[in-house]
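Only one structure is covered here, and it is reproduced in the block below.
The values are calculated or read from the model by the stated rules, or taken from the named source; none is laboratory data. In this text, all values refer to a predicted model and were calculated from it rather than measured experimentally. Because the Cβ atoms are built from the backbone with ideal geometry, glycine has one as well, and the counts that use them run over all protein chains shown.
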Amino acid sequence: MANQTLQLIGLLEGEGHQVEVIQVNAPYTPAWAGKLPGLRALFRLVPYLAHLWGAAGRVQLFHVMANSGWSWHLFAAPAIWIGHLRGCPVVVNYRGGEADVFMQKSQRWVRPSLLRADAVVVPSGFLEHVFSKYGVPTTVVPNIINLERFSAAVPGAAVPLRVLVARNLEPIYDNETALRAFALVAARIPGATMVVAGSGPLRADLEQLARDLGVAAAVTFTGRVDNAGMGALYRGADVMLNPSTVDNMPNSVLEALASGVAVVSTDVGGVPFMVEDGKTALLVPPRAPQAMADAMLRLADSPELASRLRAAGLSYVQQYAWPGVRPRLLAVYRSVTNTSLAKVASHS
């Protein structure tokens, strides 16, 4: 979400639009407040609400980047209600693969705020389907991929299979299954390597698992990698694994497609809405190391299949470039601002 926010800011400003950013994680003021557990949240929340209130009188609309959990209650919902109270149109850009579970548990609190927004934008048909179950209309505006940053590598000499995992080291991304699948592949393809690009609390456990599986020498944990570094990692990979158990519209899958890398992903959440099994990626069940390993071996054994997937992926991902996303997003902006102006005129 942070990467999408930064990209959107840069693209809008590049076209001459003025963007005012209101951070939910701005530095504490005063700085010593960050050392007060429990109270420090107030030192961040109160300035955030004050900033929202002031901005609502200056800007033409709020574009709220929203997710599930406490971040919704603390940051997204207040932005909606402040925009509503001050007559500032609100576009909620909701993302996150856990939306259905969140709505099941909290729709009593979440749905009234969502319906108060002037528009709800989601990045995938998956989330459009989720919210339709709760009577919340949405508009699909896909994630933005900078195709200039991610480009396909020039084919070189044949090398053993090079695997990339580009998810954070957290339970829902199930890097454990990726490691177990890779160990099965490495037993068949000596010299195969895997790069795990991401940070998170499970790093030590995953490094130990790699040692236990006997593949530690073939697996590199990079930690957090910036956007420029990720481009290089994709170009150095033959297969990108997405082992997550919960997902919406993973950017890593789109970035891999834009980089001409064959994708093997679990078929969870919104993934089947964005790639087609056997056409633009190979999809496998979650928590199934053998199925994931079989898919990788299938690609290694069939260069024709891998080449066909790469070509189809490169063609498919073009729709996520800014020229394709821009008119859809600006149409939402125009719709909510025009509606707001009409309301003002009707009351004048």
Index of the failed condition, residue 245 passing every other in (1) surrounded by fewer than 16 Cβ atoms within 10 Å (Cβ to Cβ); (2) among the β-branched types (Val, Ile, Thr); (3) over 28 Å from residue 186 (Cβ atoms): (3)
Failed criterion for residue 68 (all others in (1) modelled with pLDDT under 90; (2) among the small types (Gly, Ala, Ser); (3) within 25 Å of residue 88 (Cα to Cα); (4) out of contact with any Gly (no Cβ under 9 Å at 6 or more places or on another chain) hold): (4)
Leading residue by the ranking (modelled with the lowest pLDDT) among those in the stretch 191-217 that are of a type in the set (Gly, Ala, Ser) and surrounded by 19 or more Cβ atoms within 10 Å (Cβ to Cβ): 198
Unmet requirement for residue 68, which otherwise passes all of (1) part of a loop (DSSP other than H, G, I, E, B); (2) over 30 Å from residue 270 (Cβ atoms): (2)
Residue among 38, 14 that is modelled with pLDDT of 90 or more and surrounded by fewer than 13 Cβ atoms within 10 Å (Cβ to Cβ): 14
Filter result for residue 228 (surrounded by fewer than 15 Cβ atoms within 10 Å (Cβ to Cβ) and either touching a Lys or Arg at 6+ places or on another chain (Cβ under 8 Å) or assigned by TED's automatic domain parsing to the domain that holds residue 101 (or both)): yes
Strands (runs of 3 or more DSSP E) within the stretch 202-308 that include 3 or more residues in contact (Cβ under 8 Å) with a residue 24 or more places away in the chain and under 20 Å from residue 162 (Cβ atoms): 219-223, 239-242, 262-266
Every residue from the stretch 164-174 that is part of a helix (DSSP H, G or I) and either outside the structural domain of residue 298 (by TED's automatic domain parsing) or under 15 Å from residue 253 (Cα atoms) (or both): 173
Verdict on residue 178 being under 21 Å from residue 267 (Cα atoms) and assigned to a helix (DSSP H, G or I): yes
Filtered residues of the stretch 287-301 (kept if buried (at least 19 other Cβ atoms within 10 Å of the Cβ) and either under 24 Å from the mean Cα position of the chain (by Cα) or hydroxyl-bearing (Ser, Thr, Tyr) (or both)): 289, 292, 295, 296
